[in-house]
Number of protein chains: 2
Amino acid sequence: MSLSNISIDGPRLLADLHRLRQFGIHKTGVHRPTYSEPDMQSRNWIADRMREAGLTPVIDGIGNVIGRGPGDGPRFLLGSHSETQNHAGWLDGALGVMYAIEVARALGHGVDVACWADEEGHYAAFPGSRSFIGELPDTEIAAARNRYDGTPLPDALAAAGLAGKPRARVEPGRYRGYLEAHIEQGDDLERRGLRLGIVTSIVAIWQFRLTFTGIQNHAGTTRMAIRKDAGLALAKLVVEIDRRFPAVAGPRSVWTTGRITLDPGAASIIPGGAEMLFQLRDSDPAVLERMQAELAAIVADSNRGPCEVTLHAMSRGVPKLMDEAIQNALAQAAERIAPGQSQHMPSGAGHDAQLLAKVMPAGMLFVPSIGGISHHWSEDTAEADIVLGCQVMAAAVADLLAAT
Amino acid sequence: MSLSNISIDGPRLLADLHRLRQFGIHKTGVHRPTYSEPDMQSRNWIADRMREAGLTPVIDGIGNVIGRGPGDGPRFLLGSHSETQNHAGWLDGALGVMYAIEVARALGHGVDVACWADEEGHYAAFPGSRSFIGELPDTEIAAARNRYDGTPLPDALAAAGLAGKPRARVEPGRYRGYLEAHIEQGDDLERRGLRLGIVTSIVAIWQFRLTFTGIQNHAGTTRMAIRKDAGLALAKLVVEIDRRFPAVAGPRSVWTTGRITLDPGAASIIPGGAEMLFQLRDSDPAVLERMQAELAAIVADSNRGPCEVTLHAMSRGVPKLMDEAIQNALAQAAERIAPGQSQHMPSGAGHDAQLLAKVMPAGMLFVPSIGGISHHWSEDTAEADIVLGCQVMAAAVADLLAAT
């Protein structure tokens, strides 16, 4: 087990992360939307860092920066993404990219680095990693638009200087696996006093649209007794979910009503229609099935009231299991370097690793988020935790390479 | 009591109402927004009908059509509005305007007719009748915009050919009172098998904005136990109102949550903010006070939960009592012409009569709405009820004129 007395350069890693933060800096965080000027500047800067690390970088036709190492031996692909949510944190994505480059520098061999494009979904769901595994058709690129300002994706690619560039594809057999480090984005490590999370699976997201149909009418002249208020029916259903779900949910299940719209949504009109987006996340398909069944039962109960409710399943994902050998390597390295300071845990958020997991063994390592905050400029992680995570990742990759 | 053996011409009234429906006809209803081409065509057509009835019409600088009768004797002002809500009914407003003209024709004296502009509030709250009573400042006109498409009111007035025209003002002492006929817009007359409603008061509307502040966070990584979900807090409060208000409300009180917004309103983000518009209506100030106190108590209870809730009173109107002598004249005429088929009742909707009531005695007469439907193209009233209402109004006005 002494194969991995490899050591990363903590100050160098931190200096690079702080430099990367300058691209689109916003308060203590970053505003670096996909294909924006700071995003493309940062991708070029990342390509330069890859080159310095002895890799050969290309920025491909979707904006992925892929740095390939020399030689033909066994190798791992390490990476994450570099763009951010709007006015968001400095480590979400950036941490995993700089870990990958630092591990490449520390090991000197056996590592390729990927900096994926648009994991944050400004234009599409994981277009960078999907492109790399061959699951992003040209037709989808042609039709995609920025979800905030409507800019067509082809226009954004052209403005970023990426039009016509080839898109990098995974070479079959090249990699032993994929590893991605990321901030936890929750407070589970922090509240348990732990510093490292070895990801067991990336939870599945099940999305539903619930549509309520009542009767639109005048808010002054329609007696309470005869109203069919779609907004009230919706509110009752949201409260019923809150009341009944804890009994069927798993210990880490989460559920969210993120959007509510009333039709027509005017002060003096009883809403005749209403709609809500509802989402479940869990890593256990049996728990997800149980929660969906309870949701259907709640909808059936609601349909005994004055309004009609329909439940439409928009998407039902599959939990992505992380590779056991990679989990073991991460756990052993963590236990060696920081005994008793790690745990296994699922990821509640989606990551590019769930796409890479479709074509190779994949694993993820989490470091704590202070206060559980992410997708906000105040997002942060203690510097000692940042350095520790990279050290554990380097040791695990060294072990994995030595074992192959 | 035989003073009022005056008789209106039912077929003529119905023919005029059907002709007026042609301006902006939509299915069996009408789409005639304020200052639109069909609205201005209809106002010119109405002015022509006034002229035929022996009145002298002017279309004033806010779009009111005011038809003044000859002579100096005692007189009443009769009227309503002619524009419609978008894709709405053919009688809401139009009925009262054509009743006024028909009564002027039937009586031949003692009647001026008003066709108010924008009672439906495309640009402002009752700008036509407020202009007439001197409560619409030029500064408000300059700042007002169409609530659907943002067109500035001065631009709309210019496009309608009204720019620079003087605005008609009520002449002090000219009128003994104001009468307005209108469809009920509710189902109270219908379900009681009645045909005429003598309005006792126009209910007050109290509007509130409730703002919920939680913490915006990631819908996948934030445990249920630590969430501060502003949308859930809102839903619980809406349901609590539904549960607790019946105990404090009056028999005709109504309350409505017409608009709900979540911030940011995305499927994968726990709402950090939420807002709702909530409205109470009743004709009894004591009942309104009781309902507001209960709302404040519900808000206080909600503030013991994870989110902060603030209650802001946007407006608290005063119920407008209709004049007793006018109510009596309407009730006696109704009893004479259609015995046992009328009732006294408040108006749950606002009407121009509540503005005129500030400067002269005012009254209103309701006819039934089939199925209680209004603000929808399917709005309708039985032709026999339309004719009966006008006959009763003519008789009441004749009696009132004879009594002065």
Among the residues that make up segment B:250-272, is at least one of them more than 26 Å from the chain's Cα centre (by Cα) and in a helix (DSSP H, G or I)?
no
Being modelled with pLDDT of 95 or more and buried (at least 22 other Cβ atoms within 10 Å of the Cβ) narrows it down to one residue among B:E135, B:E102; which is it?
B:E102
Scanning segment A:57-78 residue by residue, those in a loop (DSSP other than H, G, I, E, B) and in contact (Cβ under 8 Å) with a residue 24 or more places away in the chain turn out to be A:D60, A:G61, A:I62, A:G63, A:N64, A:G69, A:P70, A:G71, A:G73, A:P74, A:R75
Residue that is surrounded by the fewest Cβ atoms within 10 Å (Cβ to Cβ) [pool: residues in segment A:233-256 that are under 12 Å from A:S302 (Cβ atoms) and in contact (Cβ under 8 Å) with a residue 60 or more places away in the chain]
A:E240
Scan segment A:108-125 for residues that are surrounded by fewer than 24 Cβ atoms within 10 Å (Cβ to Cβ) and in contact with an Asp or Glu (Cβ under 6 Å, 6 or more places away or on another chain) and report the count.
1
Mind listing just one residue for me: the one in segment B:273-285 that is outside any loop (DSSP other than H, G, I, E, B) and closer than 27 Å to A:I226 by Cβ and, of those, farthest from the other protein chains (Cβ to nearest Cβ)?
B:P285
Tally up the residues in segment B:221-252 that are farther than 23 Å from A:P246 by Cα and in contact with a Lys or Arg (Cβ under 7 Å, 6 or more places away or on another chain), please.
1
For segment A:180-193, which positions are under 18 Å from A:D118 (Cα atoms) and more than 11 Å from every other protein chain (Cβ to nearest Cβ)?
A:E180, A:A181
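Would you confirm, using the coordinates I've provided, whether B:T139 is more than 21 Å from B:G89 (Cα to Cα), of a type outside the set (A, V, I, L, M, F, W, C) and free of Cβ contacts under 8 Å to residues at least 12 places away in the same chain?
yes
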Which of the residues belonging to segment B:229-255 are at the interface with another protein chain (Cβ under 8 Å from one of its Cβ atoms) and within 18 Å of B:V309 (Cα to Cα)?
B:D229, B:G231, B:L232, B:L234, B:A235, B:K236, B:V238, B:V239, B:D242
Where in segment A:297-404 are there helices (runs of 4 or more DSSP H), lying wholly inside it, with at least 2 residues that are surrounded by fewer than 24 Cβ atoms within 10 Å (Cβ to Cβ)?
A:324-337, A:383-403
Any residue at all in segment B:175-186 that's on the phi > 0 side of the Ramachandran plot, surrounded by 13 or more Cβ atoms within 10 Å (Cβ to Cβ) and in a loop (DSSP other than H, G, I, E, B)?
yes
For the condition under 21 Å from A:A394 (Cβ atoms) and of a type in the set (K, R), what is the one hit in A:R316, A:R290, A:R336?
A:R336
Determine which member of the set B:A124, B:A158 is in a loop (DSSP other than H, G, I, E, B), aliphatic (A, V, I, L, M) and out of contact with any Leu (no Cβ under 6 Å at 6 or more places or on another chain).
B:A124
Pairs returned, first residue in segment B:302-325 that is farther than 25 Å from A:G220 by Cα, second residue that is among the β-branched types (V, I, T) and surrounded by 15 or more Cβ atoms within 10 Å (Cβ to Cβ), beta-carbon separation under 8 angstrom, 6 or more apart or interchain, are B:S302/B:V309; B:N303/B:V309; B:C307/B:T213; B:E308/B:T213; B:V309/B:T211; B:V309/B:T213; B:V309/B:V299
Out of B:R130, B:R176, B:R169, sole residue that is in contact with a strand residue (DSSP E or B) (Cβ under 6 Å, 6 or more places away or on another chain) and either under 30 Å from B:G197 (Cα atoms) or more than 14 Å from every other protein chain (Cβ to nearest Cβ) (or both):
B:R176
Among A:R169, A:R147, which is the only one that is at pLDDT 95 or above, under 29 Å from A:D60 (Cβ atoms) and either in the same structural domain as A:L355 (by TED's automatic domain parsing) or in a strand (DSSP E or B) (or both)?
A:R169
So, B:R21, is that one of a type in the set (K, R), under 25 Å from the mean Cα position of the chain (by Cα) and under 21 Å from B:V392 (Cα atoms) or not?
no
Are there any pairs, at least 6 apart or on different chains, whose C-beta atoms fall under 7 Å, with the first in segment B:346-360 and within 14 Å of chain A (Cβ to nearest Cβ) and the second in a loop (DSSP other than H, G, I, E, B) and polar (S, T, N, Q), and if so, which?
B:P346/B:S283; B:G348/A:T221; B:A349/A:T221; B:A349/B:Q185
State all residues of segment A:176-209 that are under 14 Å from A:A382 (Cβ atoms) and in contact with a Phe, Trp or Tyr (Cβ under 8 Å, 6 or more places away or on another chain); if no residue qualifies, say none.
A:I183, A:E184, A:L189, A:L196
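Quick one: count up the residues across segment A:274-320 that are of a type in the set (G, A, S) and more than 25 Å from the chain's Cα centre (by Cα).
The first filter runs over segment A:274-320 and keeps only residues of a type in the set (G, A, S), leaving A:274, A:283, A:286, A:293, A:296-297, A:300, A:302, A:305, A:313, A:315, A:317.
Still in the list and also more than 25 Å from the chain's Cα centre (by Cα): A:274, A:293, A:296-297, A:300, A:302, A:305.
Looking only at that region, the number is 7.
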Look at segment B:187-232 and say how many of its residues are buried (at least 23 other Cβ atoms within 10 Å of the Cβ), more than 30 Å from B:A357 (Cβ to Cβ) and hydrophobic (A, V, I, L, M, F, W, C).
5
For segment A:46-56, what are the residues that are surrounded by fewer than 17 Cβ atoms within 10 Å (Cβ to Cβ) and not in a strand (DSSP E or B)?
A:D48, A:R51, A:E52, A:G54
Determine, yes or no, whether A:L288 is out of contact with any helix residue (DSSP H, G or I) (no Cβ under 9 Å at 6 or more places or on another chain), within 12 Å of another protein chain (Cβ to nearest Cβ) and in contact (Cβ under 8 Å) with a residue 12 or more places away in the chain.
no
Please give the number of the condition A:V309 fails out of (1) within 14 Å of chain B (Cβ to nearest Cβ); (2) among the β-branched types (V, I, T); (3) over 29 Å from A:P33 (Cβ atoms).
(1)
Unmet requirement for B:R43, which otherwise passes all of (1) of a type in the set (K, R); (2) under 20 Å from B:A168 (Cα atoms); (3) part of a loop (DSSP other than H, G, I, E, B)
(3)
Suppose we filter segment A:194-228 for residues that are more than 30 Å from A:A331 (Cβ to Cβ), facing another protein chain (nearest Cβ under 10 Å) and assigned to a loop (DSSP other than H, G, I, E, B); how many remain?
8
Find the residue count for segment B:349-364, including only residues that are over 13 Å from the mean Cα position of the chain (by Cα) and closer than 14 Å to B:Y99 by Cβ.
1
Looking only at residues that are under 21 Å from B:Q216 (Cα atoms) and without any contact (Cβ under 8 Å) to a residue 24 or more places away in the chain in segment A:257-268, which one is farthest from the other protein chains (Cβ to nearest Cβ)?
A:T261
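The values are calculated or read from the model by the stated rules, or taken from the named source; none is laboratory data. Here the structure is a predicted model, which means the values were calculated and not measured. Every residue, glycine as well, gets a Cβ built from its backbone with ideal geometry; the counts of neighbours run over all protein chains shown.
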